[in-house]
Amino acid sequence: MPTLGSLPRELTAHIVSFLAAPSDPRAPQDIPKLAPYSTISRDIQDLIEAQTFSEVTVYSIYDQMYRTGQQGQQKTGLSLPEFVRLFGGKNIYRRGFLKTLRLVVVLPRVDQRRLLRFQNHEEARLDNKAYTKAILWLFHKLSLWESEPKFELLLETLQLSQKRSGYLWTRSDFKMLGVDETVFMKRTRGEGWLQTVGVVKKLQFGENSLFCGGWPVMDPGEWGLGILLDGIDDEVLEDLSLTFHSPPRRSFARRRAHREGITQTLQHQITSLTALTKLRIWWSDRDPMNHNFRPGNFVENGEKDRFSLALRKLSHLPALRELVLEGNLCLGTEFWDEPSGQKKNTWPSLKTLKIDMSMITPDGRWHYGGDPESENPFDEPEDDDPSDWEDSDSDGPDDDWDTEDTRADHDWNKADGVLPNHKFRHEPDDETFGPFMAAMIRATARTRMPALESMEFKIAGGTDESVMEAIYADTTHTMRSPWVIYDEEVAKFHNGAAPFNKPRWALYLERLVGYWKILSEITDAFTETVGKGCVLIWRDEWINERNGLSETEVM
């Protein structure tokens, strides 16, 4: 009589998948233990371990509290000693099952009375110390793994309040979280670098576990991201995902230091990441809702934006095939400039490009313009006093946080450009956005991006009714449409069917941005790169009734 242990491996794996599923989908905390079934046979044990140990979460500090999620959902994970016992030493076979390792650095709890105040220097020092110890421990253990299969490493942070009720929802402001130089040098005996890890093929940096509200801003500079990248074998790292949380706009000095730290790290890694095929950057930030707000200037003395230049050079890596820039990226026209003396194959291997861009330019101007006295027909009536629609700056405290007390929420929102909610910028600005758009289109020419298959560009504008998307596809790709459009010719264009079976662009202008008259320098750039008859312009139906423009136009 056949037994469970004698069934074909594929059927056994199917049965094990049912055993691992929750008995009640509505009760995610009810997760059955698979360990008792592993004694049935060696094959079943292998299947159970392959499923159990493919994704592992390790907490730097571990107790029952960290197992409870936002809705009471159980978060399975291991303590540091448990991880060493299960995967360290001679457990090479088990390490072969590992596909994703998530290290959650648990930071010291915060006194409930401190939640609405700025983080002080002592709190920041303790956070950095905890982070440093966890990172040193992890890299030491992983440096001992040599010939194992490569896996993905996720580095996250978690911080709780002193109350047992749970997570840190309302922390006002954090300093940048990174490596404590004193602790680091002491633990590395003065060497000043991490032990090299050769088993990480994908790295995610800067995520935060179960955060809603304030979170630590991970240091993107030398004593943060820089040290981590230096500790990973660059001949193995193929996929890099970076999340950057910008400091609030009320503290422009911190925003500038944060951006400069990222710039320096990118510059340092340009010649190192030779095996990198995919780079994703998520820039967590938002544009001011007060369109009179003065954002601040990252570019000094009329020079070019150093971040855009550093990112451009990194994007030229010979093996890089996919570049995804999401969130709300402040990018300058310098990113598209041709390097001096180089006219061809600027991005030799790039196949996929995606950009979500901010309305703000690096030099503190706006990509969108409009009349401050105009009204958005889609806005609900508000109680804001028009006399409060004044210019505001990001001029909050930057250094003396130990003596700074709580500020009223309204004052903070005004300093961040959140209040008053005065949105009037609905159309691209000819002086700022026009040159950027034209340079971007020309950069996709075959002479500069010979391998490009698809590109998506999005800028949200002043409101959800001012969204612009530009999408490119070559002959091998179907073009994604942001909206459902019931038009046979448009469907042919999206699918690349004749006569549109060639490289092509589509420009989608939603509602208010549909009033925009496309500049000649932009239409000329389209013609230069893909030729005539290969550009689709789509305007919202709402606009057509008001300005006489056709809904779709191929030029």
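The values are calculated or read from the model by the stated rules, or taken from the named source; none is laboratory data. Just so it is clear, the model here is predicted, and its values are computed rather than measured. Neighbour counts are summed over all protein chains in view; Cβ atoms, including those assigned to glycine, are modelled from backbone coordinates with ideal geometry. The area values use the complete protein model at the heavy-atom level, side chains included, leaving out ligands, DNA and RNA. Shrake-Rupley method; radii C 1.70, N 1.55, O 1.52, S 1.80 Å.
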Filtering the range 428-457 for residues that are under 18 Å from residue 519 (Cα atoms) and either hydrophobic (A, V, I, L, M, F, W, C) or surrounded by fewer than 23 Cβ atoms within 10 Å (Cβ to Cβ) (or both) leaves a count of 16
Across (1) touching a helix residue (DSSP H, G or I) at 6+ places or on another chain (Cβ under 8 Å); (2) under 28 Å from residue 247 (Cα atoms), residue 148 clears everything bar (2)
If we ask which residues in the range 79-132 are of a type in the set (D, E, K, R), open to solvent by less than 20 Å² (accessible area, probe 1.4 Å) and under 25 Å from residue 182 (Cα atoms), their number turns out to be 1
Answer with yes or no whether residue 470 is of a type in the set (Gly, Ala, Ser), open to solvent by less than 50 Å² (accessible area, probe 1.4 Å) and out of contact with any strand residue (DSSP E or B) (no Cβ under 7 Å at 6 or more places or on another chain). no
**Prompt:** Has the range 266-284 got any residue that is touching a Pro at 6+ places or on another chain (Cβ under 9 Å), small (Gly, Ala, Ser) and under 22 Å from residue 327 (Cα atoms)?
**Reply:** no
Taking the range 319-340 and keeping residues surrounded by 17 or more Cβ atoms within 10 Å (Cβ to Cβ) and of a type in the set (Ser, Thr, Tyr) leaves 333
Pairs returned, first residue in the range 365-384 that is over 16 Å from residue 431 (Cβ atoms), second residue that is at pLDDT below 80 and in a loop (DSSP other than H, G, I, E, B), beta-carbon separation under 9 angstrom, 6 or more apart or interchain, are 372/389; 376/462; 376/463; 378/463; 379/463
>> Condition check: in a helix (DSSP H, G or I), in contact with a strand residue (DSSP E or B) (Cβ under 8 Å, 6 or more places away or on another chain) and either open to solvent by 30 Å² or more (accessible area, probe 1.4 Å) or modelled with pLDDT under 90 (or both). Does residue 228 satisfy that?
In response: yes
Result of the Cβ filter at 8 Å on the range 179-195, keeping first residues that are of a type in the set (Ser, Thr, Tyr) and partners that are modelled with pLDDT of 80 or more, at least 6 apart or interchain, is 188/136; 188/194
Among the residues of the range 278-297, the number that are part of a loop (DSSP other than H, G, I, E, B) and either in contact with a helix residue (DSSP H, G or I) (Cβ under 6 Å, 6 or more places away or on another chain) or surrounded by fewer than 17 Cβ atoms within 10 Å (Cβ to Cβ) (or both) is 4
Residue count, the range 412-454, condition in contact with a helix residue (DSSP H, G or I) (Cβ under 9 Å, 6 or more places away or on another chain), farther than 29 Å from residue 293 by Cα and not in a loop (DSSP other than H, G, I, E, B), comes to 3
Flagged in the range 298-318 as open to solvent by 30 Å² or more (accessible area, probe 1.4 Å), in a loop (DSSP other than H, G, I, E, B) and in contact (Cβ under 8 Å) with a residue 40 or more places away in the chain, in numbering order, are 298, 318
Among 518, 522, the single one that is assigned to a loop (DSSP other than H, G, I, E, B) and open to solvent by less than 80 Å² (accessible area, probe 1.4 Å) is 518
Q) Any chance the range 477-499 includes a residue that's modelled with pLDDT of 85 or more, of a type outside the set (Lys, Arg) and not in a helix (DSSP H, G or I)? A) no
- Right, residue 458: without any contact (Cβ under 8 Å) to a residue 12 or more places away in the chain and either within 30 Å of residue 289 (Cα to Cα) or polar (S, T, N, Q) (or both) or not? no
All conditions in (1) acidic (Asp, Glu); (2) buried (at least 21 other Cβ atoms within 10 Å of the Cβ); (3) under 12 Å from residue 554 (Cα atoms) are true of residue 489 except (2)
